[in-house]
Amino acid sequence: MLLGIDIGNTNIVLGVFDDTRIIHSWRLTTLRERTGDELGLLVEGLFANAQLDRRQVKSAVLASVVPPLTMPAQEMVTRYFGVKALNVEASINTGMPILYDTPADVGADRIVNAVAAYEKYGRAGKHALVVVDFGTATTLDAISGKGEYLGGAICPGVTISADALFQRAARLPRIDVRKPATVIGRTTVGAMESGLFWGYVDMVEGLVRRMTAELGGAGVICVATGGLAPIIAPETTLIQHVDPDLTLEGLRIVWERNQ
């Protein structure tokens, strides 16, 4: 079995593959102070609860955008699974040409998403793609029909926007992000929900349209992943696929390319 680990700013996502199939996945809160042993005890408990024998894990692959946790995660894999994790480095070992001006600046998670999206939705028809990841930040990444990473856009995540409203406006309450019943809010909370939700939908739509036009228009496929993808995607016709396991699938593909 293969263990995939995606360390993001808000969550650590782990997935176990049996060949190409994800048989279990988990989501942990990202705490930058965690040690390798703390991570190991958590993962050991998850495996025990799922009745998985961690000795069956023969390989591991890791993508991290949180530098303080990269080394502890590598130590955890070595100590608790007895294998060395492949650390995904965007400009070195993903197998995807990166046309960013400074390739090393691209987050590993963005390239892993791009790799998976192109393999699953773009390669067969040589389609260009836009990949939207609704994470702590919302990222939009463009991939050419040849499978080249071109660049993209980075926006504050919707939760960051909601927190900013609460922190910077003394009379506005903290709210959850959800689809309101109407666009015209008749209460302060309703107006905030409308502005956050519909403003966010239109921001994503606008960026996807502009990126699609730069990619040539016809035939461009948009793929969404991340926590809010199932909520935002139904409100726009521009997103064709929602793939919650895109990052984990990308980790598996990158690992296979390095064998």
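Fully extended, how many nm does the chain gain between D105 and R168 (0.36 nm per residue separation, minus their Cα-Cα distance)? Each step should come with its number before you reach the end.
On the way: separation 63, 0.36 × 63 = 22.68 nm, distance 3.07 nm.
Taking 0.36 nm per residue and subtracting the Cα distance, the gain is 19.6 nm.
Once every DSSP H run of n ≥ 4 in the chain is given -39500 (n - 2.57) and the sum is divided by its residues, what mean residue ellipticity at 222 nm do you get, rounded to the nearest 500 deg cm²/dmol?
Only helices count here, giving -11500 deg cm²/dmol.
Between I154 and D19, how high is the FRET efficiency from 1/(1 + (r/R0)^6) when r is the Cβ-Cβ distance and R₀ = 41 Å? Nearest 0.05. Working shown, then result.
Numbers: r = 34 Å, r/R0 = 0.83.
The calculated FRET efficiency here is 0.75.
How large a share of the accessible area of the range 1-158, in percent, is made up of carbon and sulfur atoms when the probe is 1.4 Å and the other protein chains stay in place?
On the way: 3500 of 7150 Å².
Carbon-and-sulfur percentage of accessible area, whole number: 49.
Run a plain Debye calculation on the chain (Cα atoms as equal point scatterers, no solvent) and give log10 I(q)/I(0) at q = 0.07, 0.08, 0.10, 0.17 Å⁻¹, rounded to two decimals, same order as the q list.
Treating every Cα as an identical point scatterer, log10 I(q)/I(0) equals -0.26, -0.34, -0.53, -1.27.
Count the net charge of all other residues whose Cβ sits under 13 Å from the Cβ of P180, scoring Lys and Arg as +1 and Asp and Glu as -1.
Values: positive: R178, K179, R186; negative: D176, E193, E235.
Charge balance near P180 sits at 0.
Along the positive direction of the dipole of the range 182-259 (beta-carbon charges: Lys, Arg +1; Asp, Glu -1; about the Cα centre), which of L246, A213, A233 reaches farthest?
Farthest towards the positive pole: A213.
What percentage of the solvent-accessible surface of the range 179-259, computed with a 1.4 Å probe over protein heavy atoms, is contributed by carbon and sulfur atoms? Please report the intermediate quantities before stating the final value.
Working: 2230 of 4060 Å².
Taking all protein chains in place, the range 179-259 shows 55 percent carbon and sulfur surface.
Could you order the peptides 177-190, 213-226 from most to least packed, using the average number of other C-beta atoms within 10 Å per residue? Could you put the intermediate results ahead of the total?
Working: 177-190: 12.6, 213-226: 18.7.
Put in order of decreasing packing, that is 213-226, 177-190.
Could you tally the net charge around K146, taking each other residue with its Cβ under 13 Å from the Cβ of K146, Lys/Arg +1 and Asp/Glu -1?
Details: positive: R123, K126; negative: E148.
Cβ neighbours under 13 Å give a net charge of +1.
Shape of the range 67-167 from its Cα gyration tensor (a ≥ b ≥ c, root eigenvalues): rounded if a/c is under 1.5, otherwise prolate when a/b > b/c, or oblate?
It comes out oblate by the Cα gyration axes.
Under 14 Å Cα to Cα from K84, which aspartates and glutamates show up? Leave out anything in the same chain fewer than 8 places away.
E75
Rg(Cα) of the range 60-117 divided by 2.2 N^0.38 Å? Don't skip to the answer; put the middle values down first.
Working: Rg = 12.3 Å, N = 58, 2.2 N^0.38 = 10.3 Å.
Compactness ratio reported: 1.20.
Quick one: Cα centre-to-centre distance for the range 19-76 and the range 114-138, in angstrom?
Each part's Cα centre sits 25 Å from the other's.
Accessible area per residue for the chain in Å², computed with a 1.4 Å probe and the full protein assembly in place, what is it?
On the way: 12910 Å² over 259 residues.
On a per-residue basis, the chain sits at 50 Å².
Please report the orientation-averaged projected area of the range 10-53, defined via the convex hull of its C-alpha atoms, in nm².
3.4
What number, in percent, do you get for the relative contact order of the range 106-153 if the mean sequence gap of Cα pairs under 8 Å and at least 6 apart is divided by its residue count? Write out the running numbers ahead of the final one.
Numbers: 69 pairs, mean separation 15.1, N = 48.
The value is 31 percent.
Could you check the simple spin-label distance between T237 and L28, using points 7 Å along Cα→Cβ, in nm with one decimal?
Between T237 and L28, the label points sit 4.4 nm apart.
For a test of the definition: using alpha carbon positions, the gyration tensor, and the 1.5 limit on a/c, classify the range 82-230 as rounded, prolate or oblate.
Working: a/c = 2.66, a/b = 1.74, b/c = 1.53.
Prolate, because a/c is 1.5 or more and a/b exceeds b/c.
Loop-only check: which GluC sites (Glu not before Pro) in the range 1-59 are DSSP coil with at most 13 other Cβ within 10 angstrom? Could the numbers behind the result be given before it?
Values: sites: E33, E38, E44; in loops: E33.
Filter output for the range 1-59: E33.
Counting only C-alpha contacts under 8 Å and six or more residues apart, can you give the relative contact order of the chain as a whole percent? Mind showing how you got there, number by number?
Values: 474 pairs, mean separation 45.6, N = 259.
Once normalised by length, the contact order is 18 percent.
How high is the relative contact order of the range 119-259, given as a whole-number percent (alpha carbon pairs under 8 Å, six or more residues apart)? Show your work: numbers first, answer last.
Working: 209 pairs, mean separation 32.4, N = 141.
For the range 119-259, the relative contact order is 23 percent.
The values are calculated or read from the model by the stated rules, or taken from the named source; none is laboratory data. The structure presented is a predicted model; accordingly, all values stated were derived computationally and were not measured. We place every Cβ from the backbone using ideal geometry, glycine too, and count neighbours over all the protein chains shown. Each accessible area value is taken on the protein alone, full model and side chains, heavy atoms only, with ligands, DNA and RNA left out. Shrake-Rupley method; radii C 1.70, N 1.55, O 1.52, S 1.80 Å.
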